[in-house]
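Taking it in order: structure first as C-alpha cells, then the write-up.
The values are calculated or read from the model by the stated rules, or taken from the named source; none is laboratory data. Since the structure is predicted, the reported quantities are computational estimates derived from the model, not experimental observations. No Cβ is skipped: glycine too gets one built from the backbone with ideal geometry, and neighbour counts run over all protein chains shown. Just so you know, the surface numbers come from the protein's heavy atoms only, side chains and all, with ligands and any DNA or RNA stripped out. Shrake-Rupley method; radii C 1.70, N 1.55, O 1.52, S 1.80 Å.
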Amino acid sequence: MVTHAFGHAGREIPAIGQGTWYIEQGERREAIAALRRGLDLGLCHIDTAEMYGDGRSEAIIGEAIADRRNDAFLVSKVLPHNASKSGTRAACERSLRHLKTDRLDCYLLHWRGPHPLAETFAAFEALKAEGKILSWGVSNFDEDDLDEALAAAGPGAIACNQVLYHLRERAIEHAVIPWCERHGVAVTAYSPFGHDDFPASGSAGGRVLAEIAAAHGATARQVALAFLTRRPSVFAIPKAGKVPHVEDNAGALRFVLTEGDLARIETAFPRGRKPHALPML
Ligand code: NAP
C-alpha cells in the first residue's frame, strides 16, 4: 500500500483518501456504505468541512465512523468568516458534535478570509493544546500566503495545504508543491478527478491513461491517482458516493507507475505555464 507521512501531523497514512463534498445530496445509506468500505480498504483520510451541506456531510461521516473512530484520519475545515478566535473554537466544537467525536486529526482554514492568520492560528493552537484537534493546516494557499502563514505560525506548525490538483490542472507543481516540500507541509490534492470532468476515454489523454491502465491491470482513474500522488508529499481525496467507485479508487494504492508511464502522462497532460493566481474550484 502506498503511504506517505502527513507533514507535521506526524502520521503515516495511505496516499489516497475520501472527499465528502455534497455527499449529503445522494442516498444516505449508500454514502455511509461507501465511506465504510473505503475505511476497510485503507482510505482512512476522510475530508470534510463545516460548509459541506451546512454540517450534514459531517453528520453522515459521524454515523459512518461511529463504531470505528480510530480507523479514520478525520479532517474538517473552518469557514474563513468564522475563523476569528472565538469563532474558530465554536466552529470546531460544532464540527465535533456533528461528527460525534472528541477530536479531529487535522483542522484547516478553508481559504483566506477577513480574520488575521495569527488570530486563526492562535485559536488552532489553543484547540490543539486541549486535544480537540491533533494538527492543523490551511487550504487554497499559494506560495505568498504560505510565506505569511509560516511567518505567523513558525516552523513545524502547519501540517498541510489542501489545494486543487488534477491531470488538467497542475498549477501547484510550479511553486506550491516545492514550497510545501521545503517546509515539511503535506499537500492534499482536492478534486483529483477534476470535479467530475475526468478525461473521456475517447480523448487523446484518455487513451494514454487507458493504455497505461491496461499494462498494470488497473483503471484510468487509478492511473490518475497514482500519478497525482507520485511524490511522497502529495495525498489525493477523491469523492466517491458509491461503493464500486471507492473500490476502484482504493486500487490506486496497490501500484507505482514506471518512469516511462510518468513521462507519457507528463506529455499527454502538460503542466502549462505558472498562472498569476492559484486556481480554486
Ligand atoms: P472529484 O473527487 O474530483 O470527483 C468526484 C466525482 O467523481 C463524483 O461525481 C464521483 O461520483 C466521481 N467518481 C469518484 N470515483 C470514481 C470512480 N472510481 N469512477 C467513476 N467516477 C468516480 O471531485 P470533488 O468532490 O470536487 O473533490 C474531492 C474532494 O476534495 C471533495 O469532496 C472535498 O472533500 C475536497 N474539496 C476541497 C476543496 C477546498 O476548497 N479545500 C474544494 C473542492 C473539493 P460518485 O460520487 O457518484 O461516486
In order through the stretch 225-237: 3J(HN,Hα) via Karplus (6.51 cos²θ - 1.76 cosθ + 1.60), integer Hz, x for Gly, Pro = 5, 5, 5, 5, 9, 5, 9, x, 8, 10, 10, 10, 10
task = Calculate the translational D of the stretch 140-281 in whole µm² s⁻¹ from Stokes-Einstein, where the hydrodynamic radius comes from the Kirkwood formula applied to all Cα pairs, the temperature is 20 °C and the viscosity 1.002 mPa s.
result = 135
query = Taking the chain on its own, what percent of its Cα-Cα pair distances exceed 32 Å?
reply = 20
query = Which whole-number percent gives the relative contact order of the stretch 71-156, counting Cα pairs below 8 Å spaced six or more residues apart?
reply = 33
inquiry  = Students often get this wrong: which residues of the stretch 111-146 have the backbone nitrogen under 18 Å from the point 7 angstrom along Cα-to-C-beta of LYS274?
reply    = 141-146
inquiry  = Could you give the length gained by full extension between GLU119 and LYS85, i.e. 0.36 nm per residue of separation minus their alpha carbon distance, to one decimal place?
reply    = 11.7 nm
inquiry  = Please list, in order along the stretch 196-211, the HN-Hα scalar couplings obtained from phi with the Karplus expression 6.51 cos²θ - 1.76 cosθ + 1.60 (θ = phi - 60°), rounded to whole Hz, x for Gly and Pro.
reply    = 6, 10, 6, x, 5, 5, x, 7, 4, x, x, 5, 4, 4, 5, 5
remark   = Counting sequence-distant residues (5 or more places) and residues on other chains, those with an amide H built under 5 Å from that of TYR165 are TYR190
task = Check cross-link reach from LYS132 to the lysines: straight Cα distance under 20 Å, and skip same-chain residues fewer than eight apart.
result = LYS77, LYS85, LYS100
note = Restricting to Cα pairs under 8 Å and 6 or more apart, the percent relative contact order of the chain works out to 23
ask   = So what's the net charge close to ASP67: Lys and Arg +1, Asp and Glu -1, counting the other residues with Cβ under 11 Å from its Cβ?
value = +2
ask   = In deg cm²/dmol and to the nearest 500, what is the mean residue ellipticity at 222 nm of the chain if only DSSP H runs of at least 4 residues count, each as -39500 (n - 2.57), divided by the residue total?
value = -11500 deg cm²/dmol
task = First select every other residue whose beta carbon is under 12 angstrom from the beta carbon of ILE133; then total the charges, Lys and Arg +1, Asp and Glu -1.
result = 0
message = At a 10 angstrom cut-off on C-beta neighbours, averaged per residue, how do the peptides 54-67, 11-24, 204-217 rank from highest to lowest?
response = 11-24, 54-67, 204-217
query = Given the convex hull over the Cα atoms of the stretch 1-57, what projected area results after averaging over all orientations, in nm²?
reply = 4.3
inquiry  = If you take every DSSP beta bridge fully contained in the chain, what fraction is antiparallel? Give it as a percent rounded to 5.
reply    = 15
ask   = In nm, to one decimal, how far is the modelled label at THR258 from the one at VAL243, with both set 7 Å along Cα→Cβ?
value = 3.6
remark   = Excluding ligands, DNA and RNA, the carbon-plus-sulfur percentage of the accessible area of the chain with a 1.4 Å probe reads 51
Placed amide H near LEU108: partners under 5 Å, 5+ positions off or other chain = SER76, LYS77, VAL78, GLY137
inquiry  = Given bins 10 angstrom wide, list per bin the percent of all Cα-Cα distances in the stretch 214-265, short to long.
reply    = 24, 57, 19, 1
note = Here the stretch 114-125 yields Karplus 3J(HN,Hα) values (6.51, -1.76, 1.60; θ = phi - 60°; whole Hz; Gly and Pro given as x) of x, 8, x, 4, 4, 5, 4, 5, 5, 5, 4, 5
note = Here the net charge surrounding ARG28, from other residues whose Cβ is less than 12 Å away from its Cβ (Lys, Arg +1; Asp, Glu -1), is -2
task = Figure the gain on full extension for ALA66 and ALA152 (residue separation times 0.36 nm, minus the Cα-Cα span) and round it to one decimal in nm.
result = 27.4 nm
